[in-house]
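**Q** Questions regarding the structure given below will be posed in turn.
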Amino acid sequence: MRVSVLGVGIDALTMAEAVERVAGFVKSGGPHRVITLNPEFLYRARFDGRLLALVRRADLVTADGVGIVWACRMAGRPVPERVTGIDLMLSLVERAAAEGWRVYLLGAAPGVAEEAAKRLILHYPGLTVAGVHHGYFREDEEAAVAGLVRKARADLLFVALGAPKQEIWMDRYLEETGAAAAVGVGGSFDVIAGRVKRAPAWMRRLHLEWLYRLLSEPSRWRRQVACRSLRGRLLKNTG
């Protein structure tokens, strides 16, 4: 079931259900776009018609972050749980290893995707990483990068260019990659590669991962402003 929050459809799925949905995408063939929606993206989409249009075209939109879960609840359309980019990626990688899907890692700084791939292969025996490519390519190189993914015959493409760049790239080039599904995963490669530490499990259970990331990366204060603005908008609409 898809619920609507501020004009954006969000799929009310558990993590397991989201994985099954993507598995269906891979089995049926592409292209399918998966957006892991955070409050900043939702807030920006309210004022950017291009972002609003592409998220509406997505085949799967998950609630990435407690702010989106809260927004759905405030709108009277709750979702069962958070389905974050990194957790969805790890669950899909595990499934890929079991099913024999070929995965491709695109994004992050040079060397990060390679290190992330090595760690994933060690942790998930049988995983086939069809290829990797950093995210530091020019606009006039975008089509060529999509061609590299096609040559690798990837089934599942993880794109870590940061929102909304990754969603815009997926919307524009996914068909050219030949992949059955693409998932925007933000900074997930940096965490998997060990370049960035994730919040402790106890903080994630208490929905305080946002606080840990804000303390670790003060530049993320803009996201908190977006969350507050989103909350104000929802309170106004439901008041």
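The values are calculated or read from the model by the stated rules, or taken from the named source; none is laboratory data. This one's a predicted model, so the numbers in the text were calculated from it and none came from an experiment. As a convention, Cβ positions derive from the backbone with ideal geometry for all residues, glycine included, and neighbour counts pool all protein chains shown.
**Q** Among (1) of a type in the set (G, A, S); (2) over 12 Å from the mean Cα position of the chain (by Cα); (3) crowded, with 17+ Cβ neighbours inside 10 Å, there is one condition G65 misses while meeting the rest; what is its number?
**A** (2)
**Q** What number of residues in region 68-101 are in contact with a Ser or Thr (Cβ under 7 Å, 6 or more places away or on another chain), crowded, with 24+ Cβ neighbours inside 10 Å and small (G, A, S)?
**A** The total comes to 1.
**Q** What strands (runs of 3 or more DSSP E) lie completely within region 116-204 and have 1 or more residues being touching a residue at least 60 places away in the same chain (Cβ under 8 Å)?
**A** It comes to 156-160, 181-184.
**Q** Let me ask something else about it. Kindly indicate the residue of region 17-53 that is polar (S, T, N, Q) and within 25 Å of W70 (Cβ to Cβ) and also modelled with the highest pLDDT among those meeting that condition.
**A** T36
**Q** Another question, if that's okay. Which of (1) over 19 Å from the mean Cα position of the chain (by Cα); (2) modelled with pLDDT of 95 or more does Q166 not meet, given it meets every other one?
**A** Result: Q166 fails condition (1) only.
**Q** Pick from region 102-115 the residues that are in a strand (DSSP E or B) and of a type in the set (A, V, I, L, M, F, W, C): which of them is surrounded by the fewest Cβ atoms within 10 Å (Cβ to Cβ)?
**A** V103
**Q** So, one more: Say we look at region 136-159 and pick out the residues that are under 25 Å from G49 (Cβ atoms) and buried (at least 17 other Cβ atoms within 10 Å of the Cβ); which of these is nearest to the chain's Cα centre (by Cα)?
**A** V159
**Q** On the given criteria, is A201 at pLDDT below 70 and surrounded by fewer than 16 Cβ atoms within 10 Å (Cβ to Cβ)?
**A** Here the answer is yes, as A201 does meet what is asked.
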